[in-house]
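Below is one structure; the comments refer to it alone.
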Amino acid sequence: MAEHAVSAKKASEKKGDNYRHKLALSRIGCYIVLAIICFLCLFFFYMLLINSSRNTFQIQQGFSFLPGASFGINLINLLNDANIPVVSGVLNSLIVSSLTACLAVYFSALTAYAIFAYDFKLRNFAFTLILLIMVMPTQISAVGFVNQMEKMGLKDSLIPLFLPAVASPVVAFFMKQYMDSNLPIEIVEAARIDGCSEFRTFNTIVLPMMKPAVAVQAIFAFVGAWNNFFIPALLLDSANKKTLPILIMQLRSADFLKFDMGKVYMLITIAIIPVVIIYFFLSKYIVGGVTTGSVKG
Amino acid sequence: MKTPAKASSGTARKKQKHINYSKWGYVFLLPFFITFIIFQLIPLISTIYYSFFKYFRSGLKIIGPIFVGFDNYKSLFHSPDLFNYMGNTMLLWIVGFIPQILISLLLAAWFTNTRLRLRGLRFFKTVIYMPNLIMASAFAMLFFALFSDNGPVNGSLIAMGLIHQPVRFLSTVSGTRGLIIFMNFLMWFGNTTILLMAAILGIDPCLYEAAEIDGASSNQMFWRITIPLIKPIMAYVLITSLIGGLQMFDVPQILTNGTGSPDNTSTTMIMYLNNHMYSKNYGMAGAISTILFIICAILCLLVYKTMTDTDGTKNRTKKRRRTAHG
């Protein structure tokens, strides 16, 4: 294989300057297109940040690449707005998202482990079911879900926003895939011989070995819950229970023209930027997490 | 290396079969299935159940549930709304999906091209994937603020002297639809690119080396090797994107304040469902949900098929899964 590669390289070198010239040109073309695409991806978020630091008048003048001086004022104005409970909104969003991430990751790993490590009659059935419901949208059962939560006295509560995360088929599927390529069954067997109970084996041996998958899936679950809009909008009524997307909806349906635009951008910033910050710190793991197949023990 | 180790683990497990661990499989599956039944299965069944009932609130009075058979479906199919909104949803999806798959393919091909050897790949991947994690409702609110009649986009265009009157983006059909499509494109093309990249990187490099020795050009290699071998992943991307498209809600809902303006031309299926939910007409909402459920069930089956298919690149993961269980 290596010989082929070397000979291929030699052959390509023989093609000479013309080839290299062409390659350099197409490389420049690629970079230009990539630069445009990156600009499109980043421009709106940069404008968001800039506008959250400007006042209404400045914002209406048009775009600027330099920040204004009203960041603090916009933030204070937003925090003092009695109609938009931002602080409780952020806290509610944080509670729901963190609990969703923990529940989804732990119980999905447990579910995946059940299918991975044990031979039982319904095992194939369980895995097939997970694959089948994996991409089924939750909106479809919203009618029954909202009704049922009302009957259970859980309407206008945060519980139905995070408790269903115990059954997250997508997370369970990825955990199962990760176990197949990264978790040697011999370790489980060794633990058994040493007299470790099945539940303890999972908690103290399997779960720590799943760390990379757990981290990536926890981030996805957190972000998914943080951004969730449809179900919370149907369930939450009281002001102190509302999560951030509901506050955004509320802002949108308010009489927009009377609004202090600085405040609007500030709320959007608060909703978006935490995720962006988490992402830029952990992007290595998020993008790389997909290809962690080589850590096999 | 991999296969013998796995196989021996399989036989080792078979030897121990006299110790019965299988009950632990059920115990560990219990939380998942209890939660699934309470929060997903029963609601789904009752949603379908409600679709056969007249069940709505008029004023403060709750009417029903009265069994009406297929009346909800009949009224759904007799009014043009269902077809209009389904049409809107499909239009918004497909016009966004075509450029998305083309650009994603192009980028994935560039990023994996060993001759081009582009630098800064991690940076590019990080940037293009970012919009996918953004809160769709906040993103739509941002676009609404930027593109509103006296927003900064119009401000800039007037200041540059390109226009004299503000462009009323959100009052025109093409403006609103265009913005929704553009937002969906921005949010999803990075995800598709990374999926396709993983698929291309999964192709055996020997194939490219052999083709190179035979004198194949980059273009030939792309069309004759890459494209045929990533077809299963492309099918997966297509179907999951279609399911995502059917769920389109956050962006048009916030952008148009739930009205689907102008004149309901950007009302999607889930917005239609949401409107019935909001007016507490559970019978009609149930009927819409059931129709969507049938469509999604078919699509879910297709996804299942692409993931367990016996030909193509997925083949290898499937085989690995099989040997892992002996």
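The values are calculated or read from the model by the stated rules, or taken from the named source; none is laboratory data. Values in this document were obtained by computation on a predicted structure and should not be read as measured data. Every residue, glycine among them, receives a Cβ derived from its backbone with ideal geometry; neighbour counts consider all protein chains shown.
Go through the stretch B:142-171 and count every residue that is more than 11 Å from chain A (Cβ to nearest Cβ), within 32 Å of the chain's Cα centre (by Cα) and either surrounded by fewer than 16 Cβ atoms within 10 Å (Cβ to Cβ) or modelled with pLDDT under 85 (or both).
Summing the residues that are more than 11 Å from chain A (Cβ to nearest Cβ), within 32 Å of the chain's Cα centre (by Cα) and either surrounded by fewer than 16 Cβ atoms within 10 Å (Cβ to Cβ) or modelled with pLDDT under 85 (or both) in the stretch B:142-171 gives 2.
Can you name every residue in the stretch B:274-299 that is within 19 Å of A:Arg252 (Cβ to Cβ) and either crowded, with 19+ Cβ neighbours inside 10 Å or of a type in the set (D, E, K, R) (or both)?
B:Asn274, B:Asn275, B:Met277
Within the stretch B:118-129, can you find the residues that are surrounded by fewer than 16 Cβ atoms within 10 Å (Cβ to Cβ) and either facing chain A (nearest Cβ under 8 Å) or outside any loop (DSSP other than H, G, I, E, B) (or both)? So that I can check it myself, show each step before the final result.
Of the stretch B:118-129, the ones surrounded by fewer than 16 Cβ atoms within 10 Å (Cβ to Cβ) are B:118-123.
Once the filter is applied, which keeps residues that are surrounded by fewer than 16 Cβ atoms within 10 Å (Cβ to Cβ) and either facing chain A (nearest Cβ under 8 Å) or outside any loop (DSSP other than H, G, I, E, B) (or both), the stretch B:118-129 yields B:Leu118, B:Leu121, B:Arg122, B:Phe123.
This table checks each residue for (1) outside any loop (DSSP other than H, G, I, E, B); (2) among the aliphatic types (A, V, I, L, M); (3) within 13 Å of chain B (Cβ to nearest Cβ); (4) in contact with a Phe, Trp or Tyr (Cβ under 7 Å, 6 or more places away or on another chain).
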position: A:Leu49; (1), (2), (3), (4): yes, yes, yes, no
position: A:Gln60; (1), (2), (3), (4): yes, no, yes, no
position: A:Phe65; (1), (2), (3), (4): no, no, yes, no
position: A:Ala69; (1), (2), (3), (4): no, yes, no, no
position: A:Ser88; (1), (2), (3), (4): yes, no, no, no
position: A:Leu103; (1), (2), (3), (4): yes, yes, yes, yes
position: A:Ser108; (1), (2), (3), (4): yes, no, yes, no
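Mind checking whether some residue in the stretch A:178-196 is surrounded by 15 or more Cβ atoms within 10 Å (Cβ to Cβ) and under 16 Å from A:Ala104 (Cα atoms)?
Checked the stretch A:178-196: at least one residue is surrounded by 15 or more Cβ atoms within 10 Å (Cβ to Cβ) and under 16 Å from A:Ala104 (Cα atoms).
Can you tell me which of (1) in contact (Cβ under 8 Å) with a residue 60 or more places away in the chain; (2) assigned to a helix (DSSP H, G or I); (3) of a type outside the set (S, T, N, Q) is the one B:Met248 doesn't meet?
Only one criterion in (1) in contact (Cβ under 8 Å) with a residue 60 or more places away in the chain; (2) assigned to a helix (DSSP H, G or I); (3) of a type outside the set (S, T, N, Q) is unmet by B:Met248, namely (2).
Before we move on, is A:Leu207 in the same structural domain as A:Phe281 (by TED's automatic domain parsing), assigned to a helix (DSSP H, G or I), aliphatic (A, V, I, L, M) and modelled with pLDDT under 90?
no
For the stretch B:41-63, state whether one or more residues are without any contact (Cβ under 8 Å) to a residue 40 or more places away in the chain, closer than 30 Å to B:Ala216 by Cβ and within 14 Å of chain A (Cβ to nearest Cβ).
no
I'm told A:Phe259 meets every condition in (1) at pLDDT below 85; (2) in contact with a Lys or Arg (Cβ under 8 Å, 6 or more places away or on another chain); (3) of a type outside the set (S, T, N, Q) except one. Can you identify the failing condition by its number?
(2)
May I ask you to say which residue of A:Lys211, A:Lys242 is more than 10 Å from chain B (Cβ to nearest Cβ) and surrounded by fewer than 18 Cβ atoms within 10 Å (Cβ to Cβ)?
So the residue among A:Lys211, A:Lys242 that is more than 10 Å from chain B (Cβ to nearest Cβ) and surrounded by fewer than 18 Cβ atoms within 10 Å (Cβ to Cβ) is A:Lys211.
Working carefully through the options A:Ala221, A:Ala126, find the one that is more than 26 Å from B:Ala285 (Cβ to Cβ), part of a helix (DSSP H, G or I) and away from chain B (no Cβ under 11 Å).
Result: A:Ala221 is the single residue among A:Ala221, A:Ala126 that is more than 26 Å from B:Ala285 (Cβ to Cβ), part of a helix (DSSP H, G or I) and away from chain B (no Cβ under 11 Å).
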